[in-house]
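Notes for the one structure printed next.
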Amino acid sequence: MPDRATFVTAFAAAERLIEERYGIPVVVSDVPTPFTGDLDGAEIRVDYDLDPEDALFIIVHLFGHTVQWNVSPEARAIAKHPGPWDAAHLAALRAYEREACQYSLTLFHDAGVHELDQWLADFSACDYRYLEHVFTTGEKPPFRSFWRPDQPLLEALPVPSFTPTRWWNRWDGVVV
């Protein structure tokens, strides 16, 4: 497992790239429970009380969703799906979550972060397993109970050109 300093350094590099290259402000502030981050298509919010590892996943993952929301009406529809989560919706959710993490990996590499590929694959797999469990059972066990090391690596996906556009935030309804 990477150390705290690695996560802090990677967060700073990702934040700088998100703000400078993509023009998306990253705001570290209080994000109301139960959320640890938020996005609206034009801004990313990360809860100030997260440890560096969780904060890093939130910033890069929400960047991936920000890209999706700005290039795909279908992605925005998945994000707003209120349930129920049948097999077809879960398959779409899996693809949506994976694509966001593939954009996250590209962001890492473009920011000069190359030592966290396996960590991102493991965290991404854990995140999806957790979401699938919550959406199909309604139960919210500890997030880390879904962690499995050495998951298949992600393939970086080029970030398409987009203009950050404010769509909505979590308080406008269910957002994945």
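Odds and ends about this structure:
- Filtered by the rule that a residue be among the small types (Gly, Ala, Ser) and either in a helix (DSSP H, G or I) or surrounded by 20 or more Cβ atoms within 10 Å (Cβ to Cβ) (or both), region 51-73 gives Ala55, Gly64.
- Test: residue in region 4-23 that is modelled with pLDDT under 95, under 23 Å from Leu154 (Cβ atoms) and in contact with a helix residue (DSSP H, G or I) (Cβ under 6 Å, 6 or more places away or on another chain): no
- When restricted to residues that are open to solvent by less than 20 Å² (accessible area, probe 1.4 Å), more than 12 Å from the chain's Cα centre (by Cα) and touching a residue at least 60 places away in the same chain (Cβ under 8 Å), region 101-126 contains 4.
- Looking only at region 10-50, residues that are crowded, with 16+ Cβ neighbours inside 10 Å and not in a helix (DSSP H, G or I) come to 17 in all.
- Selected residue (criterion: nearest to Tyr22 (Cα to Cα)) from residues of region 61-81 that are without any contact (Cβ under 8 Å) to a residue 60 or more places away in the chain and among the aliphatic types (A, V, I, L, M): Leu62
- Condition check for Thr163: in contact (Cβ under 8 Å) with a residue 24 or more places away in the chain, open to solvent by 50 Å² or more (accessible area, probe 1.4 Å) and either of a type outside the set (A, V, I, L, M) or farther than 21 Å from Glu53 by Cβ (or both): yes
- Here the condition is being outside any loop (DSSP other than H, G, I, E, B), open to solvent by less than 40 Å² (accessible area, probe 1.4 Å) and basic (Lys, Arg); of Arg76, Arg98, Arg129, Arg144, it holds for Arg76 alone.
- Within region 82-95, the residues that satisfy the criterion of being open to solvent by 30 Å² or more (accessible area, probe 1.4 Å) and either touching a residue at least 60 places away in the same chain (Cβ under 8 Å) or not in a helix (DSSP H, G or I) (or both) are Pro82, Pro84, Trp85, Asp86.
The values are calculated or read from the model by the stated rules, or taken from the named source; none is laboratory data. The structure presented is a predicted model; accordingly, all values stated were derived computationally and were not measured. As a convention, Cβ positions derive from the backbone with ideal geometry for all residues, glycine included, and neighbour counts pool all protein chains shown. These accessible areas exclude ligands, DNA and RNA; they are computed on the full protein's heavy atoms, side chains included. Shrake-Rupley method; radii C 1.70, N 1.55, O 1.52, S 1.80 Å.
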